Amino acid sequence: MRICFVGDPRSVHTQRWVRWFEDRHDVALIATAHDEALADLTVCTLPSTTTGIGLRLLRSIRLVRTTLAREQPDVLHAHFINEAGWFAAASGCHPLVITAWGSDLYRAPSESRLARRLNPWAVRRADCVTCDSADQASVVRSWGVRHDRVAVIGWGIDRHEFHSGVDGGRLRERLGIPVDAPVVLSPRQWIPNSNIETIVQAHALLRDDVHLVLKRQPRFEYDAARAIDAAIEASPARERIRVIGEVPPGELPALFAAADVVVSLCRTDGTPVSLLESMALGRPVVALENASVAEWVSEPGGELLTNLAPQGVADAVGRFLSNRRARERAAAHNVAVVADRADRAVEMARMERIYTHLMSSRCTPIPA
């Protein structure tokens, strides 16, 4: 099968998806940004800077059409509705799959007039739209996509890499964190939607031996880091805060293993892979309640918060830090949830069956 993807090669989610299928099929990538991570599979890189957004979009559409005419894929799959999905839909190539990532459903239509018009238009032109939660599927259907053209396909995790036996001790040592100190991890990007400042404020309300690790991805942050840097500098617990940047994929399991509790305070969200990875290692999760996250995080595996009050965040985190038995119950629960519902090999095999089905009988109901 010849599969052509359209997506951002800088994203680890794109990398993992494309590499999984590269091992089994003939794969090409139309990249929406320049990056070396998938350079060996990239057949075209779309312009990132052109005078005027309209000219850039038109040039990108022409490049996509030209590339597809040359590559002749059996299936075209766009990752992320914004732009990647627009270009794929405008190409006229079928069968077409578009995967929603979360913010392209929940935030982009209210933040961008183009997304408000083009995101629903693009998914209605797809033969299959996938997303990683039932709530996202309901949003897609509300935009006029037929019920039988929407599938919930999770990102999944590699359970050979992410499991409860991973040791985070060496990473703790590298960060200068005592072996017996409680550790709270925030794995989310430093963007306004993540409310990292609230996590910093909550950390200062915890007992004075708790360390906070903040993971960031500077190339995706834009101007959001300024407020977070200021919050860290103002924190009375700043000496117990560690900030780490891009983490090599092979070190991610150790990062989660180094934590005792993982916190995510995103107002809107899809299914965060970082939370699934945390759960696979048996870590309890404290998260801001939203529809997609609520499909995964529940007692005894974690706690969902209804607001961003720092004291409430600190109280929820503190309940896990002070109760070893609660952490053990959370571990058993979360590991079982991931084993049952978030195995990447299982999810990608389901996607593979959908590709095959679309090739043979386009526009008929996709398999469950």
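Rule-based calculations on the coordinates, nothing more; no lab input. This is a predicted model, so every value here is computed, not measured. When we count neighbours, we look across all protein chains shown, and the Cβ atoms used for this are built from the backbone with ideal geometry, even at glycine.
Taking amide H as placed 1.01 Å from N in the peptide plane, the amide H of Leu288 sits under 5 Å from that of Ser264, Leu265, Cys266, Leu305, each at least 5 places away or on another chain. Annotation: peptides 271-283, 105-117, ranked by per-residue average of other Cβ atoms within 10 Å with the highest first, follow the order 271-283, 105-117.
With K and R counted +1 and D and E -1, the other residues having a Cβ less than 15 Å from that of Val179 yield a net charge of 0.
The listed peptides 120-133, 175-188, ordered by packing as a protection proxy, come out as 120-133, 175-188 (highest mean of other Cβ atoms within 10 Å first). Contact order, relative form, for the chain: 15 percent (alpha carbon pairs under 8 Å, 6 or more residues apart, mean separation divided by residue count). The Rg/Rh ratio for the stretch 247-368 is 1.08, where Rg is the radius of gyration of the alpha carbons and Rh is the Kirkwood radius. Given +1 at the Cβ of Lys and Arg, -1 at the Cβ of Asp and Glu and no other charges, the dipole of the stretch 189-337 around its Cα centre is 280 debye to the nearest 20. For Thr130, nonlocal amide neighbours, meaning residues 5 or more places apart or on other chains whose placed amide H falls under 5 Å from its own, are Ile98, Thr99, Ala100, Ala151.
Coupling constants for the stretch 207-224 follow from the phi torsions by the Karplus curve (6.51 cos²θ - 1.76 cosθ + 1.60, θ = phi - 60°), and in residue order they are 4, 7, 10, 7, 9, 10, 10, 10, 8, 9, 10, x, 6, 10, 8, 6, 9, 5 Hz; glycine and proline get x. Label-to-label distance for Ser322 and Glu233 is 3.4 nm, based on points extended 7 Å past Cα in the beta-carbon direction. Phi angles of the stretch 315-329 translate, via the Karplus equation with coefficients 6.51, -1.76, 1.60 and θ = phi - 60°, into HN-Hα couplings of 4, 5, 5, x, 4, 6, 5, 8, 10, 4, 4, 5, 5, 5, 5 Hz per residue; Gly and Pro are given as x. A simple packing score, the average count of other Cβ atoms within 10 Å per residue, orders the peptides 138-146, 288-296 as 288-296, 138-146, with the highest score first. In a fully extended conformation the segment linking Ser164 and Val243 would gain 26.0 nm over its present Cα-Cα distance, using 0.36 nm per residue.
Computed from Cα atoms alone, the Kirkwood hydrodynamic radius reported for the stretch 169-341 is 15.9 Å. When only Cα pairs below 8 angstrom with a gap of at least 6 residues are kept, the stretch 1-69 shows a relative contact order of 27 percent. In order along the stretch 176-187, phi translates into HN-Hα couplings of x, 9, x, 4, 9, 7, x, 10, 10, 10, 10, x Hz, rounded to whole numbers, per the Karplus curve 6.51 cos²θ - 1.76 cosθ + 1.60 with θ = phi - 60° and x for Gly and Pro. Which net charge results for the neighbourhood of Asp315, defined as the other residues with beta-carbon distances under 14 angstrom from its beta-carbon, given Lys and Arg at +1 and Asp and Glu at -1? Net charge around Asp315: +1.
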